[in-house]
Every structure is written in C-alpha cells, then in structure tokens.
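One structure below.
The values are calculated or read from the model by the stated rules, or taken from the named source; none is laboratory data. Because the structure is a prediction, the values reported are computed rather than measured. Heavy atoms of the whole protein, side chains included, go into the accessibility calculation; ligands, DNA and RNA do not. Shrake-Rupley method; radii C 1.70, N 1.55, O 1.52, S 1.80 Å.
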Amino acid sequence: MAFSSGGGDGAPMADINIIPLCDIMLVLLIIFMVTAPQVSYPIDIDLPQRSLNPPQNPVDPPEPIRLRIDAGGTIYWNDSPTPVTALRQMMDAEVQRDVTNQPTLEIDMSEDAEYGILAKVLASAKNAHMQKIGFVKK
C-alpha cells in the first residue's frame with residue numbers, strides 16, 4: 001500500500017498508482033506489434049501459368065439445355081414436356097456426349113411450382129454428374 005508523503009499524518013493514500021501498469025501495458029503492446037506479423041502463415045496458391053502455345057482450335061461451347069418447371073409441376077426440356085423419370089437418362093446422355101465440354105443446364109422455375117420437383121431435378125443432375133447448372137430468373 002502506498003503512503004502519502006505530504007501530510008505527515010500517516011494515513012494511507014486512497015488513489016491507485018497506475019503509472020507502472022501503463023508502462024507494462026505499453027511494453028506488451030510493442031512486443032505484440034513486433035511479433036504479430038511473424039506469426040502469420042503462408043498460403044500456397046496455384047496460379048495459372050502463361051502458356052507459350054495457345055490452343056489451335058478453340059472449342060465452341062455447346063448450346064445450353066433450357067429446363068423449365070411450370071406452376072403445375074410439368075417439366076419442359078428445351079420446350080418439350082418431359083417426365084421426371086426420364087430426366088436422368090437425358091442428362092446422362094448429354095454428359096456422355098462430351099465429358100469435358102458439357103452444356104449448361106439452365107433451370108427456370110415458376111414461383112408457384114413445388115420445391116419437391118426442383119429437388120428431384122437437382123438430384124438427377126447431381127447423379128448424372130452435370131457440372132454446369134444455372135438458374136434463370138425472369
């Protein structure tokens with residue numbers, strides 16, 4: 001406990017001496033500021049490299065598949081009605097046609113359609129290993 005030096009009555013001083021606490025906190029702050037940048041971890045990123053030989057024949061992307069689901073639950077594959085059970089075979093055929101350059105599956109769903117039908121369509125696309133799936137909003 002600190003004692004007052006001026007009064008001579010010997011009563012304890014009521015104020016807390018925070019000067020040593022501030023000194024310690026400033027020293028710790030400087031230590032953390034110096035050591036913090038050294039603690040960071042590097043992240044390895046594989047960036048694309050410049051090619052000296054560009055591809056000779058660029059491949060045009062295939063025509064996208066337009067899949068529409070109306071409010072009644074009917075599925076249209078490029079404007080022709082299709083049952084849900086036939087979607088998987090049709091998607092498999094599109095994937096097998098060209099595995100590296102698959103067409104984009106563009107799904108347009110009515111706001112009044114049931115979510116369960118969309119879930120079945122997405123499950124069929126996943127099971128057929130379709131890689132390019134997009135949603136169309138009109």
Looking only at region 85-114, and only at residues there that are open to solvent by 50 Å² or more (accessible area, probe 1.4 Å), over 29 Å from the mean Cα position of the chain (by Cα) and aliphatic (A, V, I, L, M), the one that is nearest to Lys137 (Cα to Cα): Met90
Failed condition for Leu26, given (1) at pLDDT 80 or above; (2) open to solvent by 100 Å² or more (accessible area, probe 1.4 Å); (3) within 29 Å of the chain's Cα centre (by Cα): (3)
